[in-house]
Amino acid sequence: MRGLFLFALLAAPLTLTLSQKEREHFAIFNFQSSLSFMKLVVLGSGTSVPHPRRASAAFWLETKTGSILLDCSGDAAHRMAAENLDWSNLDAVWISHLHLDHCGGLASLLFGLKWAPQTQGRRKPLKIFGCEGIERLLRAIDDSNDYGLFELPFPIELHEVSSGEADFEMLPGLQAQTFSTPHTRESLAIRITDNNGASVAYSSDTGYSEELASFARTVNLLILECSFWRNKPTEKHLELVHAMRIARLAEPRTLLLTHLYPEWDGVDLEEKAKEIWSGTTIEACDGLRLEI
């Protein structure tokens, strides 16, 4: 089963009988590749807490005009390789905020891209879009040991994004909007829309916000954090009831719940979600692949 890659169109699910192990790794839907405009691969569905099956936050988004890495935890580079993704030709990176389980792998990714044999002939730029402070963090790491993180065989184009900034083009035909989330001063959610109208919103880490629901209204796929099942210890994250309240307001075609702490182990997240909201909810699992 490990070697089988099942893509999922965001549509009505099939009724299938799956083992618990299968349900942890795959969500199976009707497949119509002619209708898909983006593909998502979950690289990391976990948190900063080490977990045997969940790496820290990272998602690979493949679009008609290029690939985007949504957040870059310390696990991200090797997870891309493990999923047989074209990491050496990655087009853009998005960094949502400065917590290390979301950005801690960016410097090491650049260091790897600098020396990898696969990138020595590359000339197209790598675009990095990120929250305020990401350049200062990279420069500090770079200067600490003269790593040459900005001296790659190809150009690095770094753009910091402020909350409330106007829409911007991530890649040709791919527009992005951001929203300031109640997590850290710099934390941003992002909504990406292509020329065909296919859309993905990624909350990254966030507390409860009805404005976030409005921001993500009717997207094809909402990637939403759901750190805790219940009795969350902080207002800076979501527990299930608050995540589903956002889903009810946003009405995405499909909801993907991620950033799952170990307390979710052994809990049927999808069944618990269905008790609160009748829409399509998928538990993020490392290696899961979806089509949009």
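The residues of the range 162-190 that are in contact with a strand residue (DSSP E or B) (Cβ under 6 Å, 6 or more places away or on another chain), among the hydroxyl-bearing types (Ser, Thr, Tyr) and either surrounded by fewer than 17 Cβ atoms within 10 Å (Cβ to Cβ) or at pLDDT below 95 (or both) amount to a single one, Ser163.
Just one of the numbered conditions (1) hydroxyl-bearing (Ser, Thr, Tyr); (2) in a loop (DSSP other than H, G, I, E, B); (3) within 21 Å of Leu222 (Cα to Cα) is not true of Tyr147: (3).
Within the range 199-227, the set of residues being part of a strand (DSSP E or B), touching a Ser or Thr at 6+ places or on another chain (Cβ under 9 Å) and either surrounded by fewer than 22 Cβ atoms within 10 Å (Cβ to Cβ) or of a type in the set (A, V, I, L, M, F, W, C) (or both) comprises Val200, Leu221, Leu222, Ile223, Leu224. The range 232-291 holds strands (runs of 3 or more DSSP E) entirely within its bounds, and those carrying 3 or more residues that are surrounded by 20 or more Cβ atoms within 10 Å (Cβ to Cβ) map to 254-258, 281-283.
In the range 25-48, the qualifying residues are those that are modelled with pLDDT of 95 or more and assigned to a loop (DSSP other than H, G, I, E, B), and the one that is nearest to Pro172 (Cα to Cα) is Ser45. Only one entry in Tyr147, Tyr202 is in contact (Cβ under 8 Å) with a residue 12 or more places away in the chain, hydroxyl-bearing (Ser, Thr, Tyr) and closer than 15 Å to Leu110 by Cβ, namely Tyr147. None of Glu135, Glu160 is in contact (Cβ under 8 Å) with a residue 24 or more places away in the chain, farther than 23 Å from Thr258 by Cβ and touching a helix residue (DSSP H, G or I) at 6+ places or on another chain (Cβ under 8 Å) except Glu160. One residue stands out in the range 271-292 among those that are over 22 Å from Ser96 (Cβ atoms) and within 19 Å of the chain's Cα centre (by Cα): the one that is modelled with the highest pLDDT, namely Thr280.
Every residue, every condition in (1) among the aliphatic types (A, V, I, L, M); (2) over 30 Å from Trp115 (Cα atoms), yes or no:
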| site | (1), (2) |
| --- | --- |
| Asn145 | no, no |
| Gly148 | no, no |
| Leu152 | yes, no |
| Glu157 | no, no |
| Ser180 | no, yes |
| Thr193 | no, yes |
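For the range 64-85, how many residues meet the condition of being among the small types (Gly, Ala, Ser), crowded, with 20+ Cβ neighbours inside 10 Å and closer than 24 Å to Asp194 by Cβ? Qualifying residue count, the range 64-85: 2.
Tallying residues that are farther than 21 Å from Phe111 by Cβ, part of a loop (DSSP other than H, G, I, E, B) and not hydrophobic (A, V, I, L, M, F, W, C) within the range 49-88 yields 8.
Applying the set (1) under 25 Å from Gly46 (Cβ atoms); (2) loosely packed, with under 15 Cβ neighbours inside 10 Å to Asp143 leaves exactly one unmet item: (1).
The values are calculated or read from the model by the stated rules, or taken from the named source; none is laboratory data. Note that this is a predicted model, so its numbers are computed, not measured. Because the Cβ atoms are built from the backbone with ideal geometry, glycine has one as well, and the counts that use them run over all protein chains shown.
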